[in-house]
Each structure stands twice: as C-alpha cells, then as structure tokens.
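The values are calculated or read from the model by the stated rules, or taken from the named source; none is laboratory data. As the structure is a prediction and not an experimental result, all values here were calculated from the model. Cβ placement follows ideal geometry from the backbone for every residue including glycine, while neighbour counts extend to all protein chains displayed. Areas reflect the complete protein model, heavy atoms only, side chains present, ligands, DNA and RNA absent. Shrake-Rupley method; radii C 1.70, N 1.55, O 1.52, S 1.80 Å.
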Amino acid sequence: MLVGRTSCGKTSFCQAMRGQELRYQKTQTVQVVGSAIDTPGEYIENRSLYRALVVTAADADLIVLVQSATDEQSVFAPGFVSMFQKPAIGLVTKVDLAPDTACRERAAQWLGLAGCGQVFMVSNLSGEGVREVLAYLEGLGWEGDR
C-alpha cells in the first residue's frame, strides 16, 4: 500500500513498476493497481482520514511511504508506520528533480524516522531505482503483475 502526499509520485511509481507510460492521474479514491494499493494523498494530509488508511492497510502486506525529494517538509510523524502493524519501506521519489543530494538525504532521513526499515531512491521518469525496488519486492515473495 502506497501512502504519501498529493503529487509525491505514488501513482507514477505504480505506472513505472509496471513499465507503463507515465501520465498524470489524480487519485481520488483508493485504487488497486495490479497488486499495489494506491491511496489518495488526502488520506495522509488530513488526520481525520487516518482511519481510512488503517482500514485499507488490512489488505496490504507491506506499507510503502512515499516522500518526494523536492518537498521541503514531511507529512509523516516519527514512528508513523507503527499504526499499521505491518512491515514498511520508504521511497524517495523525484530524485532527478532534487536540487542537491542533501534534499534526497533529508527525505530518506524523514522516512527512516517514520519507521521505514529500507529506503529506496527512485525516479519514476528515468526509471532509476525502480528495478531495485522490484527486486526487493520479489525477494519478499511478490510475483509481480507487470
């Protein structure tokens, strides 16, 4: 299940990992994309919608927090993933658009503080890091849905 702020790259990552052409698509409701659960950014941006995240996570095996390298703040509180009682990884997206490596490192640090055990750097546009995430998921037993 992918969780992150609006326009952080959740839907684009779903497209990139399936080898699809990237096209902007605003996620208005929870979408099942192959074996991924893509959640609307509003679910994390509004604390009153956290319950929807917890309920949706019941069908997930893995929580994936998504943080753009271009964002100047994080929406994830320290220990955020503990509410799910599921393993979690982090994706730092838009690494190709980050002004410098410090922005990438800051985003990775935020994801670590939120409780992500492993953090990947990805660019949905260039494909950087996507194969590494797929290999990690396959190592967990994910058979893919490309």
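General observations
- Other residues lying with their Cβ under 14 Å from the Cβ of M83 contribute a combined charge of +3, Lys and Arg counting +1, Asp and Glu -1.
- In this simple spin-label model, placing a label point 7 Å from the Cα along the Cα-to-Cβ direction at both D61 and L97 gives a separation of 3.1 nm.
- Potential extension, E105-E42 segment - 0.36 nm per residue separation minus Cα distance: 20.2 nm
- For M121, distant residues with modelled amide H under 5 Å away: V92
- Sequence of S7, S48 from largest to smallest accessible area, 1.4 Å probe: S48, S7
- Gyration tensor (alpha-carbon) shape descriptor, the range 95-146, a/c threshold 1.5: oblate
- Share of alpha-carbon pairs per 10 Å distance bin for the chain, given as whole %: 12, 47, 37, 4
- Separation of the A135 and S7 label points, Cα + 7 Å toward Cβ, nm: 3.3 nm
- For the range 1-80, the Cα gyration tensor yields ellipsoid semi-axes of 19, 16, 11 Å (square root of five times each eigenvalue, largest first, whole Å).
- Ignoring lysines fewer than eight residues from K10 along the same chain, the ones with Cα atoms less than 18 angstrom from its Cα are K26, K94.
- Accessible surface of the chain, 1.4 Å probe, proportion on carbon and sulfur as whole %: 49 percent
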